[in-house]
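Below is one structure, written out as structure tokens; the observations come after it.
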Amino acid sequence: MPTTVFLNGAFFEPGAARVSAFDAGLQHAVGLFETLAAGNRGGEAWAERLPEHVDRLCASARELGMSDDLRRDALIDAVLLTVKRSDLARARVRLTVTAGDMSAAPRPAPGTTPTPTHSPTVMILAQPATDYPEAMFERGVRASIADARANPFNPTEGHKTLNYWWRLRELHRASAKGAAESLVFQITNHLAGGCVSNAFVVKGGALFTPFARGDEGTTLPSPVLPGVTRAAVLATAAELGIEARRRMVTIDDVLGAEEVFLTNSSWGVLPVVAVERETIADGKPGRVAARLRAAIDAGPTG
């Protein structure tokens, strides 16, 4: 079947899945999501870096006060069950968890911390995976620069929340310029990443990536998502003997880089060869990105 929908413990046809009109995800964007690659092989379902994705979602739910008791193992099992039911060889999975129907929840007394008394909404979609043209990776892509700025003092930044409208608007603007992604800078004018990706620059053969929320070695607040593929790239770089550092990255770092590339769970490692009208180095994908992409693509799944 082309799309499989799991909603709160049951499977539905895509047109039959319904959530409450009072669901906090619909009314107030109180929710989190994860997107990951998955599929079926030899009768077994797999989902790439699934534990890491679910752990990040559960941690965000706790930190943002949405829920303290999401069942990690149950979410993992539900994702794999949905993938298996889809029978897709390659799938794009979206796991969404919202605060649920909050209409009947009592208002907390002044000066007290609210205690959730309602159940979250859990929805999982398994759809055919996006096929990215090989030319994107062989030739690289152009990126634009977003008008919007990320605020490190916004407590929801650095989490994968449902508040994605502004990112989608920037992506539409990038597409109108012939760009595949839009780079987002912080209010300090330091790089945050792409609208739907983490960013890396290569200088002197070493990798540099912006500090993300929760990174060791910094006490600075960060609006950068601690990407699952970002973490895999950093680990792979260490295995390959490529020096990698986390630090504040400026526009001059980007435009003066030997390489720039973007990472997410859909495309893996994507080289950027131009930003707006400025060419990066010689305008061709670099060797470091190619090595990392080959190693990530060849890595274990599950």
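The values are calculated or read from the model by the stated rules, or taken from the named source; none is laboratory data. Not measured: the values here are computed from a predicted model. Here Cβ is always computed from backbone atoms with ideal geometry, including for glycine, and neighbour counts include all displayed protein chains. Calculation scope for accessible area: heavy atoms of the full protein, side chains included, ligands and nucleic acids excluded. Shrake-Rupley method; radii C 1.70, N 1.55, O 1.52, S 1.80 Å.
With every protein chain left in place, what is the accessible area per residue of region 259-302 in square angstrom, probe 1.4 Å? If you can, show how the numbers build up before the last one.
Details: 2020 Å² over 44 residues.
Result: 46 Å² of accessible area for each residue.
Using the alpha-carbon centroid of each, what span in Å lies between region 245-302 and region 39-95?
27
Taking the chain as a Gaussian network, where each spring joins two C-alpha atoms under 10 Å apart, which residue of Ser175, Ser266, Ser197 fluctuates the most?
Per the Cα network of the chain with a 10 Å cutoff, Ser175 tops the list.
If I take every Cα pair under 8 Å that is 6 or more residues apart in region 118-268, average their sequence separation and divide by the length, what percent do I get for the relative contact order?
After rounding, I find 24 percent.
Modelled label-to-label distance, Arg18 and Arg291, 7 Å Cα→beta-carbon offset: nm?
5.7
Would you mind classifying region 17-164 by shape? Square roots of the alpha carbon gyration tensor eigenvalues, ordered a ≥ b ≥ c; an a/c under 1.5 is rounded, otherwise it is prolate if a/b is larger than b/c and oblate if not. Present the calculation step by step, with values, prior to reporting the outcome.
Values: a/c = 2.31, a/b = 1.38, b/c = 1.67.
Oblate is the answer for region 17-164, as a/c is 1.5 or above yet b/c matches or exceeds a/b.
Under the 0.36 nm per residue contour assumption, what length would be gained going from the current alpha-carbon distance of Ala129 and Thr279 to full extension? Mind dumping the intermediate values first?
Values: separation 150, 0.36 × 150 = 54.00 nm, distance 3.06 nm.
Gain on extension, Ala129 to Thr279, equals 50.9 nm.
Sum up the charges of everything whose Cβ sits under 14 Å from the Cβ of Val83, counting Lys and Arg as +1 and Asp and Glu as -1, but leave Val83 out. All intermediate terms of the calculation are to be shown ahead of the outcome.
On the way: positive: Arg41, Arg49, Lys84, Arg85, Arg90, Arg92, Arg94; negative: Glu34, Glu44, Glu48, Asp77, Asp87.
Local net charge: +2.
So how many Lys-Lys pairs in the chain land under 28 Å Cα to Cα, not counting same-chain pairs under 8 apart?
Numbers: Lys84/Lys160; Lys160/Lys177; Lys177/Lys203; Lys177/Lys284; Lys203/Lys284.
Step by step, the pairs that qualify in the chain add up to 5.
Counting Lys and Arg as +1 and Asp and Glu as -1, what is the net charge of the other residues whose Cβ lies under 15 Å from the Cβ of Lys177? Display every interim value, and only then the final one.
Values: positive: Arg142, Arg169, Arg173, Arg277; negative: Asp147, Glu170, Glu181, Glu276, Glu278.
Spelling it out: positives minus negatives among the neighbours equals -1.
Per residue, what accessible area does region 159-243 have, given a 1.4 Å probe and all protein chains present, in Å²?
Details: 3580 Å² over 85 residues.
Value for region 159-243: 42 Å² per residue.
In the chain, what % of DSSP beta bridges are antiparallel (nearest 5)? Don't skip to the answer; put the middle values down first.
Details: 48 of 59 bridges.
Roughly 80 percent of the DSSP beta bridges within the chain come out antiparallel.
For Asp253, what charge total do you get from the other residues with a beta carbon under 14 Å from its beta carbon, if Lys and Arg give +1 and Asp and Glu give -1? Numbers along the way, then the final one.
Values: positive: Lys203, Arg245, Arg246, Arg247; negative: Asp252, Glu258, Glu259, Glu278.
Here the count lands on 0.
I want to check the label-to-label distance for Arg62 and Leu26. Put each point 7 Å from Cα in the C-beta direction and report it in nm to one decimal.
Using points 7 Å along Cα→Cβ, the separation is 3.1 nm.
To the nearest 10 square angstrom, what accessible area does Leu81 show with a 1.4 Å probe?
90
So how exposed is Leu255, as accessible area in Å² (1.4 Å probe, rounded to 10)?
70
Quick one, which of [x] 133; [y] 207; [z] 145 is the actual volume of the Cα convex hull per residue in Å³ calculated for this model?
[z]
Please state the shape class of region 12-69: rounded when a/c is under 1.5, otherwise prolate if a/b exceeds b/c and oblate if not, all from the C-alpha gyration tensor. If you can, show how the numbers build up before the last one.
Numbers: a/c = 3.23, a/b = 1.29, b/c = 2.49.
Oblate is the answer for region 12-69, as a/c is 1.5 or above yet b/c matches or exceeds a/b.
If you average 1/r across every pair of different Cα atoms in region 163-272 and take the reciprocal, what Kirkwood value do you get, in Å?
Numbers: mean 1/r = 0.0701 Å⁻¹.
Every distinct Cα pair counted, the radius reaches 14.3 Å.
Against the longest alpha carbon principal axis of the chain, how many degrees, from 0 to 90 and to the nearest 10, is the axis of helix 228-240 turned?
Roughly 40 degrees, rounded to the nearest 10.
For the chain, with all protein chains present and a 1.4 Å probe, just round the carbon and sulfur fraction of the accessible area to a whole percent.
Details: 7900 of 15110 Å².
It is 52 percent, rounded to a whole number.
Hey, what do the phi angles of region 153-170 turn into as Karplus ³J(HN,Hα) couplings, whole Hz, using 6.51/-1.76/1.60 and θ = phi - 60°, x for Gly and Pro?
Each residue's phi maps through the Karplus curve to give 8, 7, x, 8, 5, x, 10, 8, 8, 6, 6, 10, 4, 5, 5, 5, 4, 5 Hz.
With all protein chains present, calculate the accessible area of Glu48 using a 1.4 Å probe and round the result to the nearest 10 Å².
That residue has around 40 Å² of solvent-accessible surface.
Hey, could you pull the Cα Rg and Dmax for region 1-43, both in Å?
Rg, Dmax (Cα atoms, Å): 13.6, 42.
Taking 0.36 nm per intervening residue step and subtracting the Cα-Cα distance, what contour gain separates Glu243 from Leu220 on full extension? Present the calculation step by step, with values, prior to reporting the outcome.
Working: separation 23, 0.36 × 23 = 8.28 nm, distance 2.24 nm.
Roughly 6.0 nm would be gained on extension.
Please list, in chain and number order, the residues 5+ apart from Val141 or on another chain whose amide H is under 5 Å from its amide H, with Hs placed from the backbone.
Under 5 Å from the amide H of Val141: Val272, Val273, Ala274.
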